[in-house]
């Protein structure tokens, strides 16, 4: 038995040695006279990655009240990716309706983006977006969220849902500084009072590599 | 014998290569799952509680009380609007006791209820007295307390609406309307009725005034 094992190791060594010799023969390191070539293939893997910033929570201004009917707020997300096929950025609310205060809530604005305008006897909450990668045909051409609580007339707003809705997309790598997308929040009351209180909405932005 | 060993060497070599290949597949997966990152922001909207009250119109009671006219009534109203989630209360009080006075010349006593502080129908005033009281009606005024009338009575005769219940004013607030929720934007109007009467006694001629303050408070 021991004899066989010994033979096995000896033969294995001889076999590997032979392979080595064979390699040296067919791949000489010293070239003689005539031109010879060789290729090496260098491989680098660039892993895809994506980041999103975490903007501060938003307090809409001014406060709504019996003499104030409209309020706005702003959040900016910056997305960076080296994904060759780019990214999408979507937003969604954690609840429906999105903006709630105990038993009271603002209805979600309509789901098709339109210029901000509230139906009579309603109070509603919605959002719009603008930025380099935001489609102006969908979201309008506004470049700010408005002023003094009044939403920009050149933006188009829609209501939140609990499923993600795309607000920006790019089909290529971003610059290292990323791409900002601004989300504009708007709330208003028309012909009816929203009950007083502190209303909150939790909005999740999701950046996904394509 | 040699063939057997050669066969074993090849078999072991193939098995070794297979395991190395499997290890590579585990350490370096070829299927890449697209990455996703998320972030939350909390959006806060403060809806500030507020309440407004309209400026009630000063009122002159009719008809005038005199030697052949013993009763007189009048009305005014306030409109209250609030977005307070818990509503509002509206209360009234007089600036003096008694409320209706003609300087230091004379005055009407505040209406005397059968049960103090509990409004009751204006059943006339006791002989030898002259009194002044008020009632209220409106959407947010409880009919159980103030009666079911929808007007103050006959302004020509000064006779009060029998369906109303009156009480005397005091210098402390008495609630005449309330609700536990937001009002409509146009607010809620509460009407107040005033009544004065003399019975077998003359109120000294002159101009009597009462200053009534209505206070709307967000609940």
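The values are calculated or read from the model by the stated rules, or taken from the named source; none is laboratory data. Please read all numbers here as calculations on a predicted model, not as lab measurements. For neighbour counting, all protein chains shown are included, and Cβ atoms are generated from backbone atoms with ideal geometry for every residue, glycine included.
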(message) For segment B:160-174, which positions are over 15 Å from residue B:91 (Cα atoms) and surrounded by fewer than 16 Cβ atoms within 10 Å (Cβ to Cβ)?
(response) B:162
(message) Residues that are free of Cβ contacts under 8 Å to residues at least 60 places away in the same chain, assigned to a loop (DSSP other than H, G, I, E, B) and more than 14 Å from chain B (Cβ to nearest Cβ): does segment A:155-171 have at least one?
(response) yes
(request) Considering only segment B:156-187, state which residues are outside any loop (DSSP other than H, G, I, E, B) and either in contact with a helix residue (DSSP H, G or I) (Cβ under 8 Å, 6 or more places away or on another chain) or closer than 23 Å to residue B:198 by Cβ (or both). (result) B:159, B:160, B:164, B:165, B:166, B:167, B:176
(request) Test residue B:64 against the stated conditions and say whether it is modelled with pLDDT of 75 or more, exposed (fewer than 10 other Cβ atoms within 10 Å of the Cβ), part of a loop (DSSP other than H, G, I, E, B) and under 53 Å from the mean Cα position of the chain (by Cα). (result) no
(request) List the number of the failed condition for residue A:138; all other conditions in (1) part of a strand (DSSP E or B); (2) within 30 Å of residue A:48 (Cα to Cα); (3) over 17 Å from the mean Cα position of the chain (by Cα) hold. (result) (1)
(message) So, residue A:208, is that one within 22 Å of residue B:43 (Cα to Cα), within 13 Å of chain B (Cβ to nearest Cβ) and part of a strand (DSSP E or B) or not?
(response) no
(request) Check B:41, B:51, B:47 and return the single one that is within 13 Å of chain A (Cβ to nearest Cβ), modelled with pLDDT of 95 or more and under 30 Å from residue A:52 (Cα atoms). (result) B:41
(request) Check A:128, A:177 and return the single one that is modelled with pLDDT of 95 or more and in a loop (DSSP other than H, G, I, E, B). (result) A:177
(request) Look through segment A:186-205, keep the residues that are over 15 Å from residue A:105 (Cβ atoms) and more than 7 Å from chain B (Cβ to nearest Cβ), and return whichever of them is farthest from the chain's Cα centre (by Cα). (result) A:190
(message) Step by step: first the residues of segment B:117-137, then only those that are crowded, with 19+ Cβ neighbours inside 10 Å and in a strand (DSSP E or B), then the one that is farthest from the chain's Cα centre (by Cα). Which residue is that?
(response) B:130
(request) Would you mind telling me which numbered condition in (1) in a loop (DSSP other than H, G, I, E, B); (2) within 14 Å of another protein chain (Cβ to nearest Cβ); (3) surrounded by 22 or more Cβ atoms within 10 Å (Cβ to Cβ) residue B:86 fails? (result) (3)
(request) Answer yes or no: is there a residue in segment B:100-116 that is within 17 Å of residue B:152 (Cβ to Cβ) and not in a strand (DSSP E or B). (result) yes
